[in-house]
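What follows is one structure encoded as structure tokens, with my remarks underneath.
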Amino acid sequence: MTQAQFPPSSPHRPYEDALALLVGTALVALGLTIYAQATLLTGSTAGLALLVQYASGLPFAPVFFVLNLPFYVLALMQMGWKFTLRTFCAVLLVSLLASQTGHWIGFSRLDPLYAALIGGTIIGVGLLILFRHRASLGGVNILVLFLQERFGLRAGYVQLGIDAAILLGGLFVVPAEKVALSLLGALAINLVLALNHRPGRYVGVS
């Protein structure tokens with residue numbers, strides 16, 4: 001089936017968007033909790049928030065929320081108030097859920113390689129759900145979605161390049177082997193997006 005043959009997307013109902021926000025952010029929060037347990041990094045503003053947490057001891061949730069604040073202006077100007085509102089809710093939910101998930105689950109043993117791959121895959125699926133319901137986790141995700149909608153650039157590949165640059169900065173904060181594993185995790189995240197979120201294949205309408 002060619003791209004032109006894909007049927008148009010039907011609008012999401014409000015309760016579908018609400019459930020998607022909850023499920024997507026819960027998955028992202030779980031993946032980030034796995035990363036934090038293994039002292040791994042990821043990209044975008046979540047990766048910056050983890051870097052701040054590892055370097056300063058400040059908790060992830062408030063740092064992640066504050067880092068996203070400047071990007072809401074771009075979201076409002078370029079993506080509309082509905083997208084901006086969904087993104088704000090998604091960021092708020094991830095901040096709240098990430099602050100609690102570590103109290104709900106624990107790991108007696110967590111292999112770093114497994115953590116990078118499964119954590120990255122879980123985060124990727126969570127982001128995919130949010131993207132398909134016209135939401136994001138703010139920060140670089142807003143820029144990535146804008147570039148895809150405006151220029152047709154695949155979100156996964158653009159995000160991969162930006163994430164790689166952010167992760168390289170992690171060499172100053174965490175051991176090199178953790179950065180290498182984090183790169184594998186970033187690859188897992190962005191492969192999920194690149195293979196499942198292509199222009200014209202699925203466009204969420206709300």
Quick one: Karplus J couplings for the stretch 11-28, per residue in order, coefficients 6.51, -1.76, 1.60, θ = phi - 60°, nearest Hz, x for Gly and Pro? x, 6, 7, x, 5, 5, 4, 5, 5, 5, 4, 5, 5, x, 5, 5, 5, 4
What is the dipole size for the chain, taken about its Cα centre, with +1 at each Lys and Arg Cβ and -1 at each Asp and Glu Cβ, in debye to the nearest 20? 400 debye
Over the chain, give the accessible area per residue in Å² for a 1.4 Å probe, as an integer. 48 Å²
Interchain or sequence-distant (5+) residues whose placed amide H lies within less than 5 Å of the amide H of His12 are Val205, Ser206
How high is the FRET efficiency between Tyr114 and Cys89 when r is their beta carbon distance and R₀ equals 25 Å, given to the nearest 0.05? 0.20
Compactness of the stretch 50-156 - radius of gyration and Dmax, Cα, Å: 15.1, 46
Listed residues Val52, Val140, Val66, most fluctuating in the chain (Gaussian network, C-alpha, under 10 Å): Val66
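Computing the accessible area with a 1.4 Å probe over protein heavy atoms, can you report the carbon and sulfur percentage for the chain?
69 percent
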Classify the stretch 86-138: rounded, prolate or oblate, from the alpha-carbon gyration tensor (a ≥ b ≥ c, eigenvalue square roots; a/c under 1.5 rounded; otherwise prolate if a/b is larger than b/c)? oblate
Quote the accessible area belonging to Ile162 in square angstrom, nearest 10, computed with a 1.4 Å probe and with ligands, DNA and RNA left uncounted. 50 Å²
What angle, in degrees between 0 and 90 and rounded to the nearest 10, separates the Cα long axis of helix 44-56 from the longest principal axis of the Cα atoms of the chain? 20 degrees
Quickly estimate the mean residue ellipticity at 222 nm for the chain, helices only: each DSSP H run with n ≥ 4 gives -39500 (n - 2.57), and the total goes over all residues, rounded to 500. -24000 deg cm²/dmol
Average Cα contact separation per residue, the chain, under 8 Å, 6 or more apart, as relative contact order %: 36 percent
Rg [Å, one decimal], Dmax [Å, integer] - the stretch 26-79, C-alpha atoms: 12.2, 37
Test of understanding: express the Cα radius of gyration of the chain as a ratio to 2.2 N^0.38 Å, with N the residue count. 0.98
Modelled label-to-label distance, Leu76 and Ala165, 7 Å Cα→beta-carbon offset: nm? 2.6 nm
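The values are calculated or read from the model by the stated rules, or taken from the named source; none is laboratory data. All figures in this text were calculated on a predicted structure; none of them were measured in a lab. No Cβ is skipped: glycine too gets one built from the backbone with ideal geometry, and neighbour counts run over all protein chains shown. We work out accessible area using only protein heavy atoms, side chains counted, and drop any ligands, DNA or RNA first. Shrake-Rupley method; radii C 1.70, N 1.55, O 1.52, S 1.80 Å.
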